[in-house]
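J.: Dropping a structure here in structure tokens format, bear with me for questions.
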Amino acid sequence: MRLDIVSIFPEYFAPLDVSLIGKARERGTLDVRIHQLRDWTHDVHKTVDDTPYGGGPGMVMKPEVWGEAIDAIIAEGPAVGGVGAPAATPRIIVPTPSGRPFTQEIAQELAAEPWLLFACGRYEGIDSRVMREYGARMRVDELSIGDYVLAGGEVAVLVMVEAIGRLLPGVLGNVHSAVDDSFAPGAMRNLLEGPVYTKPPVWRGHEVPEVLLSGHHGKIARWRRDEALRRTVANRPELAAAIDPETLDKHDRKL
Ligand SMILES: O=C(OCc1ccccc1)c1cn[nH]c1
């Protein structure tokens, strides 16, 4: 997969050189290119923003600069690698509080894309005509990572790149655990993970639940399902309401 990220703060993405993503880049699984948006300005101040039409507080990012940046990046294509055929254009992702919720399901969908381009907005956002211009010929998704307002899209891109990156083949240590992720479609859909334990069996007087030491896989699976349900009801009642009995039966059938 090729990942292009455009930002006025490219230094935000230094963390992508470490851990899972760093290894994937070394392995060639991921081709990450960070771009400084100001490289496509032509004035001495490298201006990327201006006052909003219609008035109001804050500034809006200029369409011309974004258009030149995205055109230049597309011209560097097509992106090869990844599961599918080479992609002539990227799928553009724009983090914004007013976007569609970014979910594990969307992370899985994006992990199958050969080429993603993340556009980091700052100030009040990017002139809407940019999304309209590129939306006419490629997928453009405005996505939110949560109901709060950040100063810019950079941190949201780090979140999405990590959620997507860990799903790529060869990036995650044991690919098995991605299948059992919370929120992933399938057995764990709408169920949160329950509590986890490791050695020692007793720590400061706290014992590990007996059933987990029993070696009885059926009882362990049921206990884990029940704990997951308990935590989901406690922390995310709206998810608990959405669990279809089929999901729970699936767990029981696996027991
Ligand atoms: O603040 C966010 O993105 C940065 C941004 C983009 C456009 C205008 C204001 C702020 C965000 C919050 N949840 N998901 C994304």
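Read-outs: derived from the displayed coordinates by stated rules, not from any lab. In this text the structure is predicted, and so the values were computed from the model without any measurement. Here the Cβ is made from the backbone with ideal geometry for all residues, glycine too, and neighbour counts use every protein chain on show.
J.: In deg cm²/dmol, rounded to 500, what helix-only [θ] at 222 nm does the chain give when every DSSP H run of at least 4 residues adds -39500 (n - 2.57) and the total is split over its residues?
T.: Working: 9 runs with 88 residues, N = 255.
About -10000 deg cm²/dmol.
J.: What are the residues whose amide H is under 5 Å from the amide H of LEU143, where those residues sit 5 or more places off or on another chain and H is modelled from the backbone?
T.: Under 5 Å from the amide H of LEU143: VAL94, THR96, ARG100.
J.: Check MET59: other-chain or 5+ apart residues with amide H under 5 Å from its amide H, H built from backbone geometry?
T.: Correct list: GLU124.
J.: With the dipole of the range 1-146 worked out from charges on the C-beta (+1 for Lys and Arg, -1 for Asp and Glu) around the Cα centre, which of ALA85, LEU143, LEU3 lies farthest toward the positive end?
T.: ALA85
J.: For PHE183, PHE118, what ranking results if the residue with the fewest other Cβ atoms within 10 Å of its Cβ goes first? Provide the component values of the computation, followed by the final result.
T.: Numbers: PHE183 17, PHE118 25.
Sorted ascending by nearby Cβ count, the order is PHE183, PHE118.
J.: Quick test of the membrane-span-like rule: which DSSP H helices of the chain reach at least 27 Å along their long axis (C-alpha atoms) with mean Kyte hydropathy at least -0.5?
T.: Numbers: long enough: none.
Taking the DSSP H segments of the chain (at least 27 Å long, mean hydropathy at least -0.5), we get none.
J.: Let me ask something else. Going by amide H atoms built from the backbone, whose H comes under 5 Å of the H on TRP115, apart from near neighbours?
T.: Result for TRP115 returns ARG2, ARG91.
J.: How do VAL155, VAL32, VAL44 rank when sorted from fewest to most other Cβ atoms within 10 Å of their own Cβ? The partial results should precede the final answer.
T.: Values: VAL155 14, VAL32 19, VAL44 6.
Fewest-to-most ranking of VAL155, VAL32, VAL44: VAL44, VAL155, VAL32.
J.: To the nearest Å, what is the center-to-center distance of the range 53-121 and the range 179-207, using C-alpha atoms only?
T.: After rounding, the separation between the Cα centres reads 34 Å.
J.: Sticking with this structure for a sec: Residue by residue, what Karplus-based ³J(HN,Hα) values in Hz, rounded to whole numbers, does the range 146-151 have, using 6.51, -1.76 and 1.60 with θ = phi - 60° and x for Gly and Pro?
T.: So the Karplus estimates, Gly and Pro as x, are x, 8, 7, 10, 9, 6 Hz.
J.: When the chain is modelled as a GNM with alpha-carbon springs shorter than 10 Å, which of ASP31, ASP141, ASP39 fluctuates the most?
T.: Sorting by GNM fluctuation, first place goes to ASP39.
J.: Charges only on Cβ, +1 for Lys and Arg, -1 for Asp and Glu: so what's the dipole of the chain about the Cα centre, in debye to the nearest 20? Intermediate values should be presented prior to the final figure.
T.: Numbers: 29 positive and 36 negative charges, 193 e Å.
Dipole size: approximately 920 debye.
J.: Along the charge dipole of the chain, pointing to its positive end and built from +1/-1 on Cβ of Lys, Arg, Asp and Glu, which listed residue (LEU213, ALA119, VAL161) has its Cα farthest out?
T.: Of the candidates, LEU213 comes out farthest on the positive side.
J.: Based on Cβ point charges of +1 for Lys and Arg and -1 for Asp and Glu, what charge dipole magnitude is obtained for the range 179-255 about its Cα centre, in debye rounded to the nearest 20? Each step should come with its number before you reach the end.
T.: Numbers: 13 positive and 12 negative charges, 40 e Å.
Roughly 200 debye for the range 179-255.
J.: Using Cα springs under 10 Å in a Gaussian network model of the chain, which residue among ALA240, ALA112, ALA156 shows the largest mean-square fluctuation?
T.: Of the options given, ALA240 has the highest mean-square fluctuation.
J.: Going by how many other Cβ atoms sit within 10 Å of their own, how do ARG225, ARG38 line up, fewest first?
T.: Working: ARG225 21, ARG38 16.
Taking fewest neighbouring Cβ atoms as first place, the list is ARG38, ARG225.
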